[in-house]
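Notes for the one structure printed next.
The numbers here are math on the coordinates, done by the rules we state, and not lab data. Keep in mind that this is a model prediction, so the values were computed, not measured. Please note: Cβ atoms are built from the backbone with ideal geometry, for glycine as well, and neighbour counts cover all protein chains shown.
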Amino acid sequence: MLSFSPLMLIDAGLRGTLLALLLLLSIILLRDRPDLVVVKAGVALCLGLCVQVFSSTPAFEEVVPAVWQVPLIAISVANGVLFWVFVQALFDDDFRFRPIHGVSWCVVMALTLFNCLVVAGSASIFAPAMMGVQRGIPLLFAILAAWAAARSWRTDLVEQRRRLRAFIVVTGVAYTLIFMIARLGGQHGRLTATSALADVLMLLGIIAVITYKILMLGNLELFPALHKPPAPDTSVTDIDIMQVTRVSEKNLETDAADTHHLNALQTLMQAEHLYRSENLSLASLAARMQLPEYRLRRLINQALGYRNFNSYINAFRLAEARTALTDPARRELPVLTIALSSGFQSIGPFNRAFKAATGLTPTEFRKQNMAES
């Protein structure tokens with residue numbers, strides 16, 4: 001008969017708190033923006049973690065027959081895939097689910113089910129390798145998640161989201177690594193009562209901080225707006241500058257310096273066409289304007305409504321490309337030439353950005369507009 005020690009009772013209480021917090025986080029995510037991809041990915045991860053938290057309870061592992069635990073173990077291992085997808089969706093406003101995401105989750109589920117039902121406990125020479133792969137899967141996807149978050153770190157203009165990005169990546173990888181090692185050292189891959197308590201404490205701390213940050217950030221900072229900022233006109237006028245200045249005064253606690261820098265930024269882009277420069281980066285633009293990077297990020301994000309530096313620069317490039325593609329005098333000019341002259345470094349990124357912005361390929365866009373002219 002199972003006896004409950006004080007340690008087990010504490011563990012159960014913490015798990016109950018963590019389950020309630022995960023459900024609360026799901027409600028928060030679903031509250032205002034249920035159609036967003038990041039919300040769907042976040043809720044899926046929260047529900048997967050609920051299964052993991054419940055099924056990894058020492059008392060549950062000890063009492064419930066092993067065969068009944070197999071589906072729950074598979075879901076727990078596949079949470080690594082959901083973490084990877086969630087991180088991508090959280091920090092890339094243009095993220096969309098792709099077949100590789102669903103296939104990865106299904107493959108991990110199938111591998112774990114096969115290992116637990118067939119390989120575990122067998123005398124096969126491949127058993128240690130197969131089980132090693134299963135236990136390494138969460139770490140692999142944690143590393144992929146860290147890479148996905150780090151690759152767009154410099155271009156993220158939302159300061160509070162940048163901090164949340166660092167916290168999620170560091171703690172997510174650390175948590176995965178620590179408890180992968182703990183399970184490798186445990187009997188039959190199970191955590192001891194002490195390590196299980198440490199597991200739930202660490203996960204509770206991570207989820208509590210994320211929930212607090214999301215509550216503090218709100219939809220404005222964390223999630224993209226329902227409507228993207230308008231594409232800038234490639235020709236600047238005094239009226240354009242006045243409109244931008246009014247926007248900045250509304251969205252920023254502006255002073256004369258902010259207004260001056262905003263006007264200077266618009267001049268660099270619209271009059272000097274700096275967006276055409278090869279390898280233009282936030283750092284190089286900040287150096288050109290003699291501004292700290294954090295102030296330039298704040299200026300572009302809060303005054304102009306852009307959440308990513310590449311999106312801001314590409315808006316100018318795409319505006320110029322659209323003008324060229326609708327100009328009868330440049331009817332015979334190759335699309336590649338237009339892409340390169342607009343500031344894109346190759347045809348692939350140009351085609352993808354153009355299709356995402358207009359719903360048409362550059363060639364389709366040109367044909368449609370030439371036919372209508």
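Over all distinct alpha-carbon pairs, what is the Kirkwood Rh of the range 52-130 in angstrom?
Over the range 52-130, the inverse of the mean reciprocal pair distance is 14.3 Å.
Between THR17 and GLU293, take the C-beta separation as r, use R0 = 56 Å, and let me know the FRET efficiency to the nearest 0.05.
0.90
Over the C-alpha atoms of the range 6-222, what are the Rg and the largest Cα-to-Cα span, Dmax, in Å?
Looking at the range 6-222, its Cα Rg and Dmax stand at 17.4, 56 Å.
Between ASN308 and residues 5 or more places away or on another chain, which pairs have amide H atoms under 5 Å apart, with H built 1.01 Å from N, and which residues are they?
Distant-sequence amide H within range of ASN308: LEU157.
Considering all alpha-carbon pairs of the range 278-330, what whole percent are spaced by more than 14 angstrom?
In whole percent, the share of Cα-Cα pairs in the range 278-330 beyond 14 Å is 60.
Which whole-Hz couplings ³J(HN,Hα) result when phi for each residue of the range 15-29 is put into the Karplus expression 6.51 cos²θ - 1.76 cosθ + 1.60, θ = phi - 60°, listed in order with x for Gly and Pro?
Running phi through 6.51 cos²θ - 1.76 cosθ + 1.60 with θ = phi - 60° gives 5, x, 5, 5, 4, 5, 5, 5, 5, 4, 4, 4, 5, 4, 5 Hz.
May I ask for the percentage of alpha-carbon pairs in the range 1-51 that lie more than 19 Å from each other?
Of all Cα-Cα pairs in the range 1-51, 40 percent lie more than 19 Å apart.
Have a look at the range 250-373 and give its Rg and Dmax from the Cα atoms, expressed in angstrom.
Using the Cα atoms of the range 250-373, the pair Rg, Dmax is 16.2, 48 Å.
Simple spin-label model, 7 Å along Cα-to-Cβ: VAL118 to ARG331 in nm?
With each label placed 7 Å out from Cα toward Cβ, I get 6.3 nm.
Taking the Cα atoms of the range 1-127 alone, what are Rg (to one decimal) and Dmax (as a whole number) in Å?
17.2, 54
Just to confirm the filter: which chymotrypsin sites (Phe, Trp or Tyr not before Pro) across the range 124-169 are DSSP coil and have at most 11 other Cβ within 10 angstrom of their Cβ?
Within the range 124-169, the qualifying chymotrypsin sites (Phe, Trp or Tyr not before Pro) (loop, at most 11 other Cβ atoms within 10 Å) are PHE126.
Relative to the present Cα-Cα distance, how much length would full extension add between ALA208 and HIS273 at 0.36 nm per residue of separation?
18.8 nm
From the backbone phi of the range 175-181, what are the Karplus-calculated ³J(HN,Hα) couplings (6.51 cos²θ - 1.76 cosθ + 1.60, θ = phi - 60°) in whole Hz, Gly and Pro given as x?
4, 4, 5, 4, 8, 5, 5
For ASN369 and LEU9 in one chain, what is 0.36 nm times their gap in residues minus the Cα-Cα distance, to one decimal in nm?
Computed gain between ASN369 and LEU9 is 122.6 nm.
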